[in-house]
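Enquirer: Just dropping this structure here.
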Amino acid sequence: MSKGSSGGSYRSAGSGRYVTAAHGKSSPGTTVHEAGGKSGSTGGSYRSAGSGRFVTAAHGKSSPGTTTHEK
């Protein structure tokens, strides 16, 4: 799936790579749904794959398999 699609995209929390929408929807605990367009940019934050919420940098660094670092 391309990053620029208007409906947003899914990213693996473990690898940080983009995955298909089917994989993202079937693996909500290890993938993060990112909004499409400019609203998807977070400026370098960590996000929990399970809840989709932003977490502290300390938590993100200590939990690389269930969080993703967004640039």
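Enquirer: Answer yes or no: is there a residue in segment 29-46 that is at pLDDT 85 or above and of a type in the set (D, E, K, R).
Expert: No - not one qualifying residue is present in segment 29-46.
Enquirer: Now, a different point. Could you grab the pairs with beta carbons closer than 8 Å, sequence gap of 6+ or different chains, first residue in segment 30-41 and under 13 Å from THR66 (Cα atoms) and of a type outside the set (A, V, I, L, M, F, W, C), second one open to solvent by 50 Å² or more (accessible area, probe 1.4 Å) and at pLDDT 65 or above?
Expert: Hits for this filter: THR30/GLY14; THR30/THR66; THR31/HIS23.
Enquirer: Tell me which residues, restricted to segment 8-23, are modelled with pLDDT of 90 or more and either among the basic types (Lys, Arg) or surrounded by fewer than 14 Cβ atoms within 10 Å (Cβ to Cβ) (or both).
Expert: Within segment 8-23, THR20, ALA22 meet the criteria.
The values are calculated or read from the model by the stated rules, or taken from the named source; none is laboratory data. These numbers come from a predicted model, not from an experiment. In this analysis, Cβ positions are derived from the backbone assuming ideal geometry, glycine residues included, and neighbour counts consider all displayed protein chains. The area values use the complete protein model at the heavy-atom level, side chains included, leaving out ligands, DNA and RNA. Shrake-Rupley method; radii C 1.70, N 1.55, O 1.52, S 1.80 Å.
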